[in-house]
1. I'd like the accessible area for B:V518: 1.4 Å probe, protein heavy atoms, all chains in place, Å² to the nearest 10.
2. Exceeding 24 Å between C-alpha atoms, which entries from my cross-link table qualify? They are B:K95/B:K263; B:K54/B:K214; B:K263/B:K489.
3. Would you pull out the residues with amide H under 5 Å of A:Y95's amide H, same chain only if 5 or more places away, H placed 1.01 Å from N?
4. Considering the dipole of the protein assembly as shown built from charges on the beta carbon (Lys and Arg +1, Asp and Glu -1) around the Cα centre, which of B:Y241, B:H82, B:T432 is farthest to its positive end?
5. Stretch B:S42-B:E418 to full length: gain in nm at 0.36 nm per residue minus the Cα-Cα span?
6. Short version: ³J(HN,Hα) in whole Hz for each residue of the range B:296-301, in order, from phi by Karplus 6.51 cos²θ - 1.76 cosθ + 1.60 (θ = phi - 60°), x for Gly and Pro, what are they?
7. How large is the charge dipole for chain B, taken about the Cα centre, if only the Cβ atoms of Lys, Arg (+1) and Asp, Glu (-1) carry charge, to the nearest 20 debye?
8. With r defined as the distance between the Cβ atoms of A:S62 and B:T369 and R0 fixed at 25 Å, what FRET efficiency is calculated, to the nearest 0.05?
Amino acid sequence: MRQPDGSSSFLTTRVDAMLGWVRKNSLWPLPFGTACCAIEFMSVVSSHYDLSRFGAEVVRFSPRQADLMIVAGTITDKMAPVVKRIYEQMAEPRYVISMGACACTGGFYRAYHVVQGVDEFIPVDVYVPGCPPTPEALMHGILKLQDMIQNGETQHDRLKHGKPDTTATAG
Amino acid sequence: MTVSSTESPTQRPPLADPFPEGSVAAVEQAADGHTVLTVDRSHLLDVLRRLREKPELACDLLADVCGVDYPDREQRFDVVYHLGSLEHGHRFRVKVPLGEDDPVVPSAVGIWKAADWFEREAFDMFGIRFQGHPDLRRILTHEAFHGHPLRKDYDPSQRWLLTEKDTMAPRWATEDQPDDEHMDTVVLNLGPSHPATHGTLRTVVRLDGEHIVKAECEIGYLHRCFEKMSETHGWQQVIPYTDRLNYCSSMINGVGFALTVEKMLGIEAPPRAQVVRVILSELSRIMDHAVCLGANLVDLGALTNFWYFFQIREEIYGLLEKCAGGRLTVSYARIGGLAHDVPADFEDEVRKLLDSIPKFLDDVETLVTTNRIFRDRTEGVGVISGEEALAWGWTGPCLRASGIPYDVRKAHPYMGYENYDFEVPVATTGDTYARYLVRMEEMRQSLRIVRQALDNLPDGPVITDDHHVALPPKEKVYTEMESLIWHFKLIFEGIPVPAGEAYGFTEGANGELGYYVVSDGGGKPHRIKVRPPCFAIYQAFPKILEGLMIPDAIAILGSLNIIAGELDR
């Protein structure tokens, strides 16, 4: 840090706090958009809501270049193996936001071909309710996830480092 | 032949006995304007062929093929063909009753190419087998699925798990090709999670060098059981589900469904509701075209336009949110009218939109319409002739880009569309560029309709006062015994839609959006079959691709505007 007299000093912090700060401000989302929520996700990254204000606008459709999967839309039994495979292709640490009622619980499709929540097969960090959630709700979800990353409270921390389970709900 | 006739709203087709003696078991003029023929399966192909080929019938559009299950009937299933003639404007419905132990009918693929996927769907959902179909396998559900979910005895919550081992790859993709060891051809999988598919579409292609020699689509990745869910809900409760069919223009879906049920009930929404429906439907059409073109242009590398188009959407969202409370999935239409009246500043808000939207359209036109790169990538790419498109069951902007001016708003006007002065844009080349031009012009025509509708927006109620259909106002429920009783009956027993059936169709953003609704007189629908326009369009996609390259495939797919929610339901 620069002192008033022009000399420089230094800042002390813990490594994991530093890493958390870096990671939370450079999330690269992979939008796993299947349905209506994906259209609202497009609104979130477009000019009006502009997700880049939170450092998470670099949308990547390649799982190997992304660390945040946003499951936006209904996941069906036919789609489930694809979601799982793409999740597994992402590099760690990786995070999941479940956007919308369908991804969280199956929504009002309590039916023969619909997964009743993606947490049936992948760990979810933040659940964003709504059908579809408003853009503000998704942003809240991302901010919530940023806090969790900073504090070491994500599913990744729990699975890899045995931290307690603290899933969050935003919106 | 027995003919029982009621006065029909559309033109009566000539029935001067074009069918051989004894081939048609019954002819009936249905209240929805369709001529309903009941045919034994042994005569089916003969009757269908005559319907298509006789010049006085000329049914060139096969709109839909679907099954219906009547578990109490001796012949349990009906296979229903919905046919239309663009030239004469008449509509036919051909029904073939089938027993449970032998549900087999001959396939109509040889008469209309459009039958291909519709028959596969009927097989998947009901187990009806179509003899002579080239590739009769499941289409919406996955390969580990057992049973036929739309049969009435199938439990709606019975799921079957698909593991990672099962992948729905076309048979030819895994077959060995003699050339494969020399790497002459390569099989490439696009989707179902791919940036350029904008949804859950999957296409498998075989490439020879850079050229596609064979392609096949796999769908159903968003099959969320709309039709089964609507059989377990009351009539009004189906409207939120319809919103999620084509979620880019949800208002149009709800209006189409409400109109169909209103037709069965014999009621009409009040004039104010009709005009508000027109205004919001046309704005929804603009939203739909905006997301289609925006996404199509992004795929071709033109990102700026995406921001312009999404700004249009955001501004319309603002209006919809004020009216309905929701941005994307509005659930604003009701059977009999609208959920509630529009806000007091509705007119001012719409006029603001009428001023702002053309500016964004002009910006896009300046950047794109004469852009050399865009034209090089789209002109002459993905050409389909009008005749071919119609044979595949295409409707909407994609058909009009191939030179056939079929628009339900003009051909079969509803909600007073005959009173508005607007043009139906038509292009002749049938390529990707033509589809872009048609959609751009349609947005301007929709603005014209909105302006006229707004100038003539009547006052009055927005929902019918027929309390068999609409809930009485809340204040009356609290103060009047009779209203309380109506309220109670409607909530507990549902709307008494008379037993019968109707096919209602409107011009959705992608084409003819049809609802085939069957009621058994109970408080819930017996069957609702949606005729999704992009289902018919997407089935022609593999054929268009042959001989083209992958970048062309991306450009074409974007221009067809395939919405997974509507495609897979």
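1. Counting only protein heavy atoms, B:V518 exposes about 10 Å² to solvent.
2. Details: B:K95/B:K263 21 Å; B:K54/B:K214 35 Å; B:K263/B:K489 22 Å.
From the list (B:K95/B:K263; B:K54/B:K214; B:K263/B:K489), the Cα-Cα distance tops 24 Å for B:K54/B:K214.
3. A:L68, A:M69
4. The listed residue farthest towards the positive side: B:Y241.
5. Working: separation 376, 0.36 × 376 = 135.36 nm, distance 4.17 nm.
So the extension gain works out to 131.2 nm.
6. Along the range B:296-301, the couplings run 4, 6, 4, 4, 8, x Hz.
7. Details: 58 positive and 86 negative charges, 107 e Å.
Rounded to the nearest 20 debye, it is 520 debye.
8. Working: r = 32 Å, r/R0 = 1.29.
Once the sixth-power term is evaluated, E becomes 0.20.
The values are calculated or read from the model by the stated rules, or taken from the named source; none is laboratory data. Note that the coordinates shown come from a computational prediction; the quantities given were computed from them, not determined experimentally. Glycine gets a Cβ as well: all are built from the backbone with ideal geometry, and neighbour counts include every protein chain shown. To get the accessible areas, we keep the full protein, side chains included, count just its heavy atoms, and leave off ligands, DNA and RNA. Shrake-Rupley method; radii C 1.70, N 1.55, O 1.52, S 1.80 Å.
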